[in-house]
Amino acid sequence: MSLKQSVESEIKKAMIARDKDRLRALRSIKSMIMLEETKGSEKGMTEEEELKLLTKAAKQRKDSLEIFQQQNREDLAATEQSELEVISEFLPKQFTEEEVEAELKSIIAEVGAEGPKDMGKVMGQATKRLAGKADGKMISQKVKELLA
């Protein structure tokens, strides 16, 4: 089942349950999918494109959540938090720091990276292999630590 189909199915469930917060988040995801489909080809989106789209949406919610919390806007922060939780349901399970570190060590060994100058090589492989499974900031931070 494609992401669009599963989101539409969840929208129906949310409508029946009269869950306004969940419905708003699901409609937001559907809107993003439909917008992206109008840009792309006729055949629809690939799983990789769907994953990128969801990751982008989750990152936007996290950033907004941080800003609203800094400004003591708990009402808006709660909305962003609830949308982030719904989006997270459709994302693959996130790696822990230990799992990311283990994966990065194997990438460093494969690439033969020796120091900070090789960070670009490692990040290129890491972003491909860990796409959607780990936050880009955490990946970057761990690479810096391991290559220092």
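General observations
- Distance histogram in 10 Å bins (all Cα pairs of the stretch 58-137, percent per bin): 17, 35, 26, 18, 4
- Listed values [x] 15; [y] 40; [z] 37 include one computed from this model; for percent of Cα pairs over 27 Å apart that value carries the label [z].
- Gyration tensor verdict on the stretch 3-90 (Cα atoms; rounded if a/c is under 1.5, prolate if a/b is larger than b/c, oblate otherwise): oblate
- The stretch 128-144 and the stretch 86-115 have Cα centres lying 6 Å from one another.
- Bridging of LYS137 to lysines at a Cα separation below 18 Å is possible for LYS52, LYS56, LYS59, LYS62, LYS93, LYS105, LYS121, LYS128, once same-chain residues fewer than 8 apart are set aside.
Rule-based calculations on the coordinates, nothing more; no lab input. It should be emphasised that the depicted structure is a prediction, and the values quoted were computed from it without experimental measurement.
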